Every structure is written in structure tokens, then in C-alpha cells.
1. Using Cα centres only, tell me the gap between the range B:178-224 and the range B:105-140 in whole Å.
2. Of all alpha-carbon pairs in chain B, indicate the percentage at a distance above 26 angstrom.
3. So what's the gap between the Cα centers of the range A:44-96 and the range B:33-59, to the nearest angstrom?
4. How much mean residue ellipticity at 222 nm does the protein assembly as shown get from its helices, if each DSSP H run of length 4 or more adds -39500 (n - 2.57) and you divide by all residues, to the nearest 500 deg cm²/dmol?
5. Considering all projection directions equally, how large on average is the shadow of the alpha-carbon convex hull of the range A:99-236, in square nanometres?
6. When the gyration tensor of the range B:1-69 is built from Cα positions, what are the square roots of 5 times its three eigenvalues, in whole Å, from largest to smallest?
7. Can you give me the angle between helix A:193-208 and the longest principal axis of chain A, using Cα atoms only, in degrees from 0 to 90, rounded to the nearest 10?
8. Averaged over all directions, how much area does the convex hull of the C-alpha atoms of chain A cover when projected, in nm²?
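Read the figures in this text as sums done on the coordinates, not as results from a lab. Note that the coordinates shown come from a computational prediction; the quantities given were computed from them, not determined experimentally. Cβ placement follows ideal geometry from the backbone for every residue including glycine, while neighbour counts extend to all protein chains displayed.
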Amino acid sequence: MPNSETMAGTSAAHSEAMIGLYDVHKSFGPLEVLKGISFEVPRGGVVALIGPSGSGKSTILRCVNLLETPNAGTIKVGAQTLAFSKRHRLPGDRRLADFRARTGMVFQSFNLFPHKSVIENVMAGPLIVKRMARDEARAIAERLLARVGLAEKAEAAPARLSGGQRQRVAIARAMAMEPDVMLFDEPTSALDPELVAEVLAVIRGLADDNMTMLLATHEMAFARDVADRVVFMRDGVVVEDGPARQVIETPQHPATQAFLAHFHRR
Amino acid sequence: MSGVSYHWDFSFLWGYRTVLLTGLAYTMAYTVGTILLGLVIGLVAGLMRMSRNPFIRGPAFAYIEIFRCTPLLVQIVWFYYAFPILIGIEMSATTAAVLVLSLYTGSFYAEIFRGGILSLELGQWDAARAVGMRQGQLMRHIILPQAVRRMMPPFINQSVIQLKNTSLVSTIAVTDLLYQGMLITAATYRPLEVYTLIAAIYFVVLFPLTALGQYVENRLRYAE
């Protein structure tokens, strides 16, 4: 009964959670990728999702900001809650956009806008979505670029940056919308090893500022040190969910032990 | 051996310079006008064809394939003679010509737009949606600006073809460059000189355009 403990500690009223997933199901054609996922991230909390490739980590993140539409279940971000079932229609374009605007997302492959300069990438959300004045958006973008250590790259084209620099721009771009929560989909998996640390340092800085975060990662040491809780997934179900240090260092479930043994051996 | 002994004489054409320039002006006006109209039609039809809704996608698909898969000359004749009878209205040669040329090139532009948009990585859609852009915003600010750059070479190519295609409207007595040439031929009985000059005029107008297309293509290749 791997699912039984996952609801432990979550309140039925969904009140304090900044991110909540409640019995979320998602299928792609005949393939069920998420088989009833439930967990919460409290305000200011950091939860790391770990598990083998194809276990459903990315799909969870994409469901939280509705890049994928769950087939069933409830998604909550901040004050917004959306329920999905066969009878519920997909929310309209405007509702979806509003929902996502409160949810920052950072992708494995950065996905910067190549036709815009670094600072224009960061300004895109405030300018286009919030219709902010240019000066104001620029001030926000300059502050965020300084924070991720890229103030001097403001006018550069994304193609001229290293992977680590691109990912830091992507983080600044998501933060520019002043989101309620931040989602990270394996943010360092596409990076050369020597570039991983600079990106993790930025994410750690956000955690220190009490940003609510949900992070899919293969960086076990980082998950242990920065996350409050670690959720281990396999085959579309939550196998183990507990305090970060406990799950990483003394996993209870055999599947978690087997998965982590692979990392400890390295 | 009469072809060899033919005495070429282009000098009389100078007297027809205004007639030819008028024809060239018509050709250019039809080209530019129908390219602009075709771009609007092509953008709308191209986006419609990518819709998930079959009632939006279906008509766009039908329009694009009907116009791509029938000869332009047949379309011109059909729209000038058959279409007005079908819907019971008068249609001038000008209207029919503009309508058909725009719809015809629009069907090709639609596929160029679609190809340019589909060539972008899906991550661009994800990233734009993730910051909260609505469908129209992400198309206008993120997708189309990138797609248009990739579309430039096929767009220039199709526009070169479009300029040449305008010559077909001479069949319904629109006074384009070729039609003026036919008039001069009828008056002078010197088709060899007339059509040689007409071909030369088309070439002089189009060669810089194809050179521009090559230049843009090379520049884009370096930019990527």
C-alpha cells in the first residue's frame, strides 16, 4: 500500500498548502503516467521529487501549471483550485493563462526565447502578460539578473551563453512574474557537470528566501540539503514521502533503497 | 531557313513604351496587392489548419488543398465565368483576378506559415505558456517572430512565382504586361520582338528578387 502514507499530514481542507495535488490521474493514450498522486507543499516549503526516468516526475510538474491537463483529480496553487474529471471541461485560455502566471516554471532544456536578448527574455512576462510599463519591467529584470549573477549579460543573445547561464536566465524569467510557487523540471540535467553548481546555488538562494518550490531532480545531495521533504516516485505512484534527510539516507521502502543505492555507489 | 533570315528589329517598340509601362504597372500592382491579401489569407488559413477543432481545421484543409491541387489557369477561368453564374452576381475581370490570385497564393502561404511554425521547438510553447501568455500573445510575441524568419526563403520563392503567375490574368483581358504585349503583337504582327522584350522585362524585375532570396537564405544559415 505505497499510497497510504502519502496523505498523512495533509489536511482535508487543503487550507495551508501552497501547492496541492489530490488524487491526480493522467494518461497519454492507453498509458497511465500518473496513477492517483496526492501530496502538498506548504507555504515556503521545498519538496524534491526523485525517481527513475519515466516515473512521472515531469508530468506532475506539467500538471501543476496545467501544461498538461489531468484526466482526474484536483490541482491547487496558492488561492486557485481546479478540479478535473470527465465532466469538467478544460478551463478557457484566459483562466489557464492566469493560473500559469502565478506558477513559475524552469525547464530542463531552458527554453529561452532565442529571438530576444537576455533582458528581454526576463521582461517578456511582465511586459506581455502583466502589460507593465517598459521602465518598470526593465528595473525588475535588472534586479533579477543581478541576483542570478548575470547583470553584465543583459544585452547578450541567449545563444552566446553557457548552459548554466541560460538556466539562470530562465530562473530570472520565471521569477519576474513574482509567482506564488516555483517548479523546476530537472533544471541541471542538461548541464555539463562543472555548470551544475552555479544553478543549484541560485535555487538554494530562492529556498533561503522562503520561496515555495517543487523540484524534480537527480541531485540527491542537493535534495537532501535544500528540500524539506523528498517524494520518491516510481511508475506513476508515490512510493515514499518523508523528511528529506530520512528518505535520502535511511529510505524505508525497498524500491527507494534500490534507487538510491545506485547514487550512493557513485 | 526563314528563321535564320528573320530580320530582328526592336526599334518600333519604343513607340509602345507607355503601353508596356502601363502593363508593367498593372503586373506589379496585382503582384504586390495579391501577395499582401494572400499573406493575410495564408496566415488565417495556416493557423486554422493547425486548430484542434475539426470544424475549424476542416474548411482550412479543404481550401488549401483545392487551390493547391488545381491549375491556376483553370481557377481564373472558372471564377470569371462559372462562379458569377453560381452565386448570381456580376464580377469584373479585375475582381475575379484579384480574388483568384490572392486565394491561390494564400493557399501556398498557408503551408509556408504552418511549416515555419511547426519547425519551432515545442519548448517555446511551453515556456511562453508557463509565464502566463495566452494563445494570441504567445503567437504574436514568441512563435510568429521566430517562424517568420524561417519562412523568408520559401516566402520570397513563392512571391517570385506569384509575379509570373499574374501573367495568366491576361486570358480574361486584364491589362497586365503580357496582355499589353498581346495587343502590341496584334497591331504590329511582330510577336518575336514583343515576347522577347516581355520576357526580358520579367527577368529584369525578378532576378534581383531571387538574388535577395539567396542572400536572405545565406544570412539565416549563418545566424542559426
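1. Using only Cα atoms to place each centre, the spacing works out to 34 Å.
2. For chain B, the share of Cα pairs beyond 26 Å comes to 49 percent.
3. After rounding, the separation between the Cα centres reads 32 Å.
4. Taking each H run of at least 4 residues, the total per residue is -17000 deg cm²/dmol.
5. Seen from a random direction, the Cα hull of the range A:99-236 projects 8.7 nm² on average.
6. That gives 47, 18, 6 Å for the three semi-axes.
7. Its long axis makes an angle of about 80 degrees.
8. Value for chain A: 14.5 nm².
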